[in-house]
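Q: One structure coming up, written as structure tokens, with questions to follow.
Every read-out reported here was derived from the displayed coordinates using simple, explicitly stated rules and does not represent laboratory data. Values in this document were obtained by computation on a predicted structure and should not be read as measured data. Glycine also receives a Cβ, built like all others from the backbone with ideal geometry; neighbour counts cover every protein chain displayed.
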């Protein structure tokens, strides 16, 4: 299968970071942590991340030094449940820890926002496997790939799976890959989630974009890969059975409960907001030293530039307050809401889509006073601009879709039901759009 799915001109990605034992904190170091300590460490690390942002964007992933420095702050332990020795932090605390990373570099903030939530998708796997994953003070990084579904075949002791999945964000820094497959010839719970070490999959180089370019959102491919029975879920990520498994063992941790779509929207929106905040900082620094070639005064002295900076700053401040409102509402309702509650789902997504829209508006305002130089690849403002536009385009925060559905709910009109996991084998046209191979659909 691998040969058939690699098209002419494609290549594998081999530049990866794989966590080493020394990259984890000791159990004693974790016991000394609090969310506030992690937040303070990341604010202190912000200049270091920003200093390497151009290198990160050019390379397509953070350097080992940058990523290892983030791991050493204890960031990855924020969402590890207390029963596994972690901090079990709130979403608001996780947001506050992620924002300084994204302010320094949107791509790195995006990676961080996704990997820090690793324990949430892990929570639907057998509890024995969860204990193994987090044993010895580990805080591993997952990547979850869901589109399109792969295929699985039962064999003695487990399954053999094959497939090609798109949008494998974080795969270049992940320790484990979680993949959704349909089990051939099985009717009861035919769709399940399979876990494998990251070094057992091939990464196909498909992520060639203008913004968020260091997130490693490539494709992954496997062929007849054996997955032992104990690394297979009893259902699939997002199903009612999966949610029941999560509530059975993690009912005391709100972060793991509630609609998966709302949680994914938060993963996306936090780094977009952080990148916009970094954009405001970069615009201010740019204006303080910038003069147009034909101008007789510095840009900072012009009323238009002053107004634009204040307007953009206010938009981003409003975006942050809207996001914090969404988090409070989401996690205030989660204990009583069904994991697939449609009203909660549409409400939260609409607010987060509006957050992304406010950030886009702010960046469009800022670049009007910035001149052509910000479109250089080494411009911090240009990078923030690109990252906000690309990050905010993610489908979970698609403005028209989210707002129409929420508007329908307000008017008492039932929005169309969202497609479930069974629809994921029908998305080859979407996959085609993310690959350089024009004839992938024929594969």
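Q: Is the shape of segment 189-274 best called rounded, prolate or oblate, per the rule: a/c under 1.5 gives rounded, else a/b larger than b/c gives prolate, else oblate, with a ≥ b ≥ c the square roots of the Cα gyration tensor eigenvalues? Can you show the working numbers first?
A: Working: a/c = 2.66, a/b = 1.13, b/c = 2.35.
Here segment 189-274 falls in the oblate category.
Q: For the chain, what is the calculated [θ] at 222 nm in deg cm²/dmol (nearest 500), taking -39500 (n - 2.57) for each run of four or more DSSP H residues and dividing by its residue count?
A: On the way: 16 runs with 205 residues, N = 443.
Computed ellipticity for the chain at 222 nm equals -14500 deg cm²/dmol.
Q: Starting from the eigenvalues of the Cα gyration tensor, five times each then square-rooted, give me the equivalent ellipsoid semi-axes of segment 74-202, largest first, whole Å.
A: Numbers: eigenvalues 162, 62, 28 Å².
Each semi-axis is √(5λ); the values are 28, 18, 12 Å.
Q: What is the fewest-to-most order of 290, 253 by other Cβ atoms lying within 10 Å of their Cβ? The partial results should precede the final answer.
A: Numbers: 290 18, 253 22.
Ascending number of Cβ neighbours within 10 Å: 290, 253.
Q: By how many degrees, 0 to 90 and rounded to 10, does the Cα axis of helix 91-104 deviate from the longest principal axis of the chain?
A: 50 degrees
Q: Any idea what angle helix 106-115 forms with the longest principal axis of the chain, computed on alpha-carbon atoms, 0 to 90 degrees, nearest 10?
A: Long axis of 106-115 versus the principal axis of the chain: about 30 degrees.
Q: If the convex hull of the alpha-carbon atoms of segment 180-221 is projected onto planes in all directions, what is the mean projected area in square nanometres? Let's see the in-between values first.
A: Working: hull surface 16.9 nm².
The orientation-averaged projected area of the Cα hull of segment 180-221 comes to 4.2 nm².
Q: While we're on this one: Pick from 401, 196, 14: which residue has the top mean-square fluctuation in a GNM of the chain where Cα pairs under 10 Å get a spring?
A: Fluctuation is largest for 14.
Q: Over all directions, the average projected area of the alpha-carbon convex hull for segment 142-236 comes to how many nm²? Before the final figure, lay out each step's value.
A: Working: hull surface 23.0 nm².
With the hull built on Cα positions only, its mean projection is 5.8 nm².
Q: Would you report the distance distribution of C-alpha pairs in segment 2-137 as whole percents per 5 angstrom bin, up to the bin with the largest distance?
A: Spelled out bin by bin, segment 2-137 gives 2, 10, 18, 20, 19, 13, 9, 5, 3, 1, 0 percent.
Q: Next question. Could you give the alpha-carbon Rg of segment 1-61 over 2.2 N^0.38 Å, rounded to two decimals?
A: Numbers: Rg = 18.5 Å, N = 61, 2.2 N^0.38 = 10.5 Å.
Normalised Cα radius of gyration, segment 1-61: 1.77.
Q: Just to compare against my own numbers: the Cα pair-distance distribution for the chain, 20 Å bins, whole % per bin, please.
A: It works out to 25, 58, 15, 1, in whole percents.
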